[in-house]
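Asker: Questions regarding the structure given below will be posed in turn.
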């Protein structure tokens, strides 16, 4: 296993008092007190952090006291949103970005778990029992204005149920290639967690470095959205866009003693919740009640039809079933200040042959991928002009002349990523330490493969497109 531990570097970095401002260290030992990247709020800052062809090394340094707080918060409420204090280091291409007093917490839904030991246990420095878990780092949680390359927050996601270490990274990369700018950015990183009082850091292995959908997300795409101060919503299970009941809309309120997650959770501008709810209710009402030419005129003015159909073409080609159209789940949407609706794809680890609620993700009819009673997709593609456009995008994705979904190009892309990360899979948790070409064990199509040309998902999906 090739691994380049950073604890000696970290000991040197933190031997001095930590600065409030982040620092860039380079191989020639030049150090400046101001991180020029951290003040960059343009897309170049995002490009620096979320580049699928890079492989940075990240270290979270936490005191034993703060780590035990994190474990105790999980004991009290596994879905808590409490932050503890950490120091953070980002190393790439010889540059070292380091920050003190950042916020660090657990995140995720089904992937959320305790990162060490069993219930009520504290850190065991002599014999730690590490577990893969997903995390978030918020740079301005405790120090106002702090950013990493223009970003307030990053997410770190372990490859739960994906022994190929590729599914979600592939999907988000494909969205980007196909011009779906509303998709989050992602890439790979090596993750270390250093308990400050321990002798050496724990290597947690290869993680997905994932862009959160929030204020930074909106600001980085401001030119596309036309603004960044509209209303951003997260849609959880039950979000079929059929009922305009205001009681389904609200603000998430998760504490150490309770968990309230509305079906439609407003993620920004909480003071304007009443206005946001009224806007969403009106949109849902019109989506369901308008018909014929009236519906076509309305929906074409309320959303970018081409962008939406491109989004859903990638979505179904990748076999995303835990989505709006099938499971009324796992998406965001944004209304800009003009009231225009933008669909934002989200959470793509259970794809590319890992399926459950569709009989066979590689052969399912893509014109009837999900439930006809869910109006957003079905009503749009039922319009002949839009249905044909949607089909054209499916065929464009599968075309061997394009670097999108075609089997050879997809295999090459995944193999290139795996060649970069394969020597770093082995880790101190003892979990997820092999690259295996198969879907998650709980799925209904365990025969699909991504690299093997037998039962290859890319090949079978492309051979079963609507004509």
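The values are calculated or read from the model by the stated rules, or taken from the named source; none is laboratory data. All figures in this text were calculated on a predicted structure; none of them were measured in a lab. Counting neighbours? That spans all protein chains shown, and the Cβs are built from the backbone with ideal geometry, glycine included.
Asker: Looking at 242, 194, can you tell me which residue is at pLDDT 95 or above and not assigned by TED's automatic domain parsing to the domain that holds residue 95?
Answerer: 242
Asker: Restricting attention to the stretch 228-260, report how many residues are farther than 23 Å from residue 287 by Cβ and either out of contact with any helix residue (DSSP H, G or I) (no Cβ under 9 Å at 6 or more places or on another chain) or in contact (Cβ under 8 Å) with a residue 40 or more places away in the chain (or both).
Answerer: Of the residues in the stretch 228-260, 10 are farther than 23 Å from residue 287 by Cβ and either out of contact with any helix residue (DSSP H, G or I) (no Cβ under 9 Å at 6 or more places or on another chain) or in contact (Cβ under 8 Å) with a residue 40 or more places away in the chain (or both).
Asker: Also, I was wondering about something else. Among the candidates 433, 367, which residue alone is part of a loop (DSSP other than H, G, I, E, B), outside the structural domain of residue 163 (by TED's automatic domain parsing) and over 30 Å from residue 206 (Cα atoms)?
Answerer: When all the criteria are applied, what remains is 367.
Asker: Check 434, 441 and return the single one that is closer than 23 Å to residue 357 by Cβ, at pLDDT 95 or above and surrounded by fewer than 17 Cβ atoms within 10 Å (Cβ to Cβ).
Answerer: 441
Asker: Residues 456, 444: which one is in contact (Cβ under 8 Å) with a residue 40 or more places away in the chain and more than 16 Å from residue 414 (Cβ to Cβ)?
Answerer: Only one candidate passes the filter, namely 444.
Asker: Okay, moving on. State which residue is farthest from the chain's Cα centre (by Cα) when the search covers only the stretch 303-318 and only residues that are buried (at least 17 other Cβ atoms within 10 Å of the Cβ) and free of Cβ contacts under 8 Å to residues at least 60 places away in the same chain. Full working, then the answer.
Answerer: Restricting attention to the stretch 303-318, the residues satisfying the condition of being buried (at least 17 other Cβ atoms within 10 Å of the Cβ) are 303, 305, 308-318.
Narrowing further to those that are free of Cβ contacts under 8 Å to residues at least 60 places away in the same chain: 303, 315.
Details: 303: 23, 315: 14 Å.
Here the residue is 303.
Asker: Still on this structure, please answer the following. Are any of the residues in the stretch 55-62 crowded, with 16+ Cβ neighbours inside 10 Å, modelled with pLDDT of 90 or more, in a loop (DSSP other than H, G, I, E, B) and in contact with a strand residue (DSSP E or B) (Cβ under 7 Å, 6 or more places away or on another chain)?
Answerer: Yes, the stretch 55-62 has at least one match.
Asker: Further question: Taking the stretch 283-295 on its own, how many of its residues are crowded, with 16+ Cβ neighbours inside 10 Å and out of contact with any helix residue (DSSP H, G or I) (no Cβ under 8 Å at 6 or more places or on another chain)?
Answerer: 1
Asker: Still on this structure: Look through 414, 460, 381, 425 and report the one residue that is within 22 Å of the chain's Cα centre (by Cα) and buried (at least 19 other Cβ atoms within 10 Å of the Cβ).
Answerer: 414
Asker: Residue 372: out of contact with any strand residue (DSSP E or B) (no Cβ under 7 Å at 6 or more places or on another chain), in a loop (DSSP other than H, G, I, E, B) and more than 30 Å from residue 158 (Cα to Cα), yes or no?
Answerer: Yes, satisfied.
Asker: Just the residues that are under 22 Å from residue 421 (Cα atoms) and over 12 Å from the mean Cα position of the chain (by Cα), please, taken from the stretch 148-169.
Answerer: Once the filter is applied, which keeps residues that are under 22 Å from residue 421 (Cα atoms) and over 12 Å from the mean Cα position of the chain (by Cα), the stretch 148-169 yields 160, 161, 162, 163, 164, 165, 166.
Asker: Among what's in the stretch 220-260 and is over 25 Å from residue 375 (Cβ atoms) and buried (at least 19 other Cβ atoms within 10 Å of the Cβ), pick the residue that is farthest from the chain's Cα centre (by Cα).
Answerer: It comes out as 228.
Asker: Then there's this: Just checking, does the stretch 395-403 include any residue being within 16 Å of residue 451 (Cα to Cα), outside the structural domain of residue 113 (by TED's automatic domain parsing) and out of contact with any strand residue (DSSP E or B) (no Cβ under 7 Å at 6 or more places or on another chain)?
Answerer: No; the residues of the stretch 395-403 include none that is within 16 Å of residue 451 (Cα to Cα), outside the structural domain of residue 113 (by TED's automatic domain parsing) and out of contact with any strand residue (DSSP E or B) (no Cβ under 7 Å at 6 or more places or on another chain).
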